[in-house]
Amino acid sequence: MSSLPISLIVLCSGLGLILIGLWGMLTQRNLIRMIIGFSLLDTGIHMVMVSIGYVTGGTAPIIDAAVPAAEAASRVVDPLPSALVLTAIVIGLGVTAVMLSFAVRIYQAKKTLNIDECTESKW
Amino acid sequence: MIKRIFIALVLVMLAAMFLDLAASYRENTSLSPLGRYYADTGPAELGAANLVTSVVVTYRGLDTLGEVTVLFISAAGVGLMLRRERKKGGGNGGENGDARMRIHRPASEIVETATELLLPMVILFGIYVFLNGHLSPGGGFQGGAIIASGTMFLLLALPESHISRLLISIMESLSGFSYVVVGVLGVILAGGFLDNRIMGLGTFGSLFSAGAIPIIYVFVGIKVGFELSAVLDRFREDSDAT
């Protein structure tokens with residue numbers, strides 16, 4: 001085993017992406033940039049989830065000639081986080097599409113994407 | 001200014017938390033008990049070579065049904081938000097659309113030819129991906145996304161092409177309904193809702209195996225493909241209107 005486990009690299013990149021995405025969502029004033037921040041946050045969370053399911057030396061959880069069913073439990077990575085991430089990606093896509101359509105509507109109504117112009121719903 | 005300091009404070013605190021998390025992280029050396037159960041009993045019980053598929057479609061099938069529902073609702077939400085407004089009163093919507101679409105610059109020769117050449121292959125690849133979801137990496141959602149990328153191709157190359165709204169809603173409703181019917185058949189013929197053992201499991205690793213999983217994935221693939229195509233089409237039409 002090398003000194004730096006691969007899942008730690010994925011975990012750290014995922015956590016970094018979460019921070020970058022959150023920073024983007026909190027500081028950017030342009031709606032599209034905020035949505036990009038959300039996407040980054042989303043991707044970061046997926047990477048963290050996948051890295052947690054990794055098992056040292058494990059391979060993809062698919063039974064075939066390379067991974068016989070009898071040895072599956074000792075040779076594959078955890079299938080559950082992968083399945084959850086699969087769900088999360090699709091939900092993230094749906095949420096992003098709805099956010100983009102909101103952005104389009106706001107642009108049509110105000111001719112700007114700057115969030116500071118949307119003062120009606122500001123508290 | 002206060003806001004900035006507050007944001008920086010939140011991020012620094014979160015970063016400290018993450019640092020702690022990453023520092024104490026140890027790679028797993030064996031599967032979790034639940035993962036072990038799926039890996040041990042999954043292949044024999046459900047007959048799917050891809051364990052992720054068996055988790056997504058059968059063990060946690062209800063989650064997937066909820067996921068399909070969320071995707072449907074978000075597609076419906078996009079449709080509602082980007083509903084075309086008839087600004088020029090009295091005019092037929094179709095005529096208006098045609099008048100606006102003529103402003104489009106036609107796609108270049110290269111894009112058009114490439115689309116004609118690649119579109120059937122892209123769609124075929126999408127179908128391949130969702131048909132083999134129980135054997136190889138892939139599945140209904142991935143296959144559906146590939147088919148939707150084919151639609152994207154079509155919209156880029158032939159901006160005036162029209163995707164029938166009626167066809168989309170019929171295909172979407174039919175495949176969603178069939179998905180639920182297959183799930184209910186699981187209650188009647190097998191162990192519970194969305195159980196895939198309503199038919200023989202077949203030979204492990206062949207195309208027609210794993211009971212109802214390929215059928216469910218075909219429905220999911222068709223539904224996701226049409227739904228995402230509808231979303232793309234909505235965004236396209238909206239850019240025409242402005």
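The values are calculated or read from the model by the stated rules, or taken from the named source; none is laboratory data. Keep in mind the model is a prediction, meaning the values are calculated, not measured. Positions of Cβ are generated from backbone atoms using ideal geometry, with glycine treated the same way; all protein chains shown enter the neighbour counts. These area figures cover heavy atoms from the full protein model, side chains too; ligands, DNA and RNA do not enter into them. Shrake-Rupley method; radii C 1.70, N 1.55, O 1.52, S 1.80 Å.
Observations on the structure shown:
- Within the stretch B:155-192, the set of residues being of a type in the set (Val, Ile, Thr) and open to solvent by 70 Å² or more (accessible area, probe 1.4 Å) comprises B:170, B:187, B:188.
- All positions within the stretch A:97-119 that are within 9 Å of another protein chain (Cβ to nearest Cβ), open to solvent by less than 50 Å² (accessible area, probe 1.4 Å) and not hydrophobic (A, V, I, L, M, F, W, C): A:101, A:108
- Residue A:4 open to solvent by 60 Å² or more (accessible area, probe 1.4 Å) and not in a helix (DSSP H, G or I): yes
- Elements of type helices (runs of 4 or more DSSP H) in the stretch B:130-242, at least 2 residues being of a type in the set (Ser, Thr, Tyr) and over 21 Å from residue B:107 (Cβ atoms): B:165-189
- Yes/no for residue A:25 being under 21 Å from the mean Cα position of the chain (by Cα), closer than 22 Å to residue B:56 by Cα and surrounded by fewer than 20 Cβ atoms within 10 Å (Cβ to Cβ): no
- Taking the criterion of being of a type outside the set (Gly, Ala, Ser), within 7 Å of another protein chain (Cβ to nearest Cβ) and part of a helix (DSSP H, G or I), the residues of the stretch B:24-43 that qualify are B:34, B:36, B:38, B:40, B:43.
- Residues that are within 13 Å of the chain's Cα centre (by Cα), more than 10 Å from chain B (Cβ to nearest Cβ) and under 23 Å from residue B:58 (Cα atoms) do not occur anywhere in the stretch A:30-42.
- Odd one out for residue B:166 among (1) touching a residue at least 12 places away in the same chain (Cβ under 8 Å); (2) more than 23 Å from residue B:57 (Cα to Cα): (1)
- Subset of the stretch B:185-211 [of a type outside the set (Phe, Trp, Tyr) and within 15 Å of residue B:68 (Cβ to Cβ)]: B:194
- Subset of the stretch B:44-63 [within 7 Å of another protein chain (Cβ to nearest Cβ), open to solvent by less than 10 Å² (accessible area, probe 1.4 Å) and assigned to a helix (DSSP H, G or I)]: B:51, B:55, B:56
- Residues that are open to solvent by 50 Å² or more (accessible area, probe 1.4 Å) and in contact with a Phe, Trp or Tyr (Cβ under 6 Å, 6 or more places away or on another chain) within the stretch A:55-87 are absent altogether.
- Residues in the stretch B:6-32 that are within 30 Å of the chain's Cα centre (by Cα) and either open to solvent by 40 Å² or more (accessible area, probe 1.4 Å) or of a type in the set (D, E, K, R) (or both): B:32 alone.
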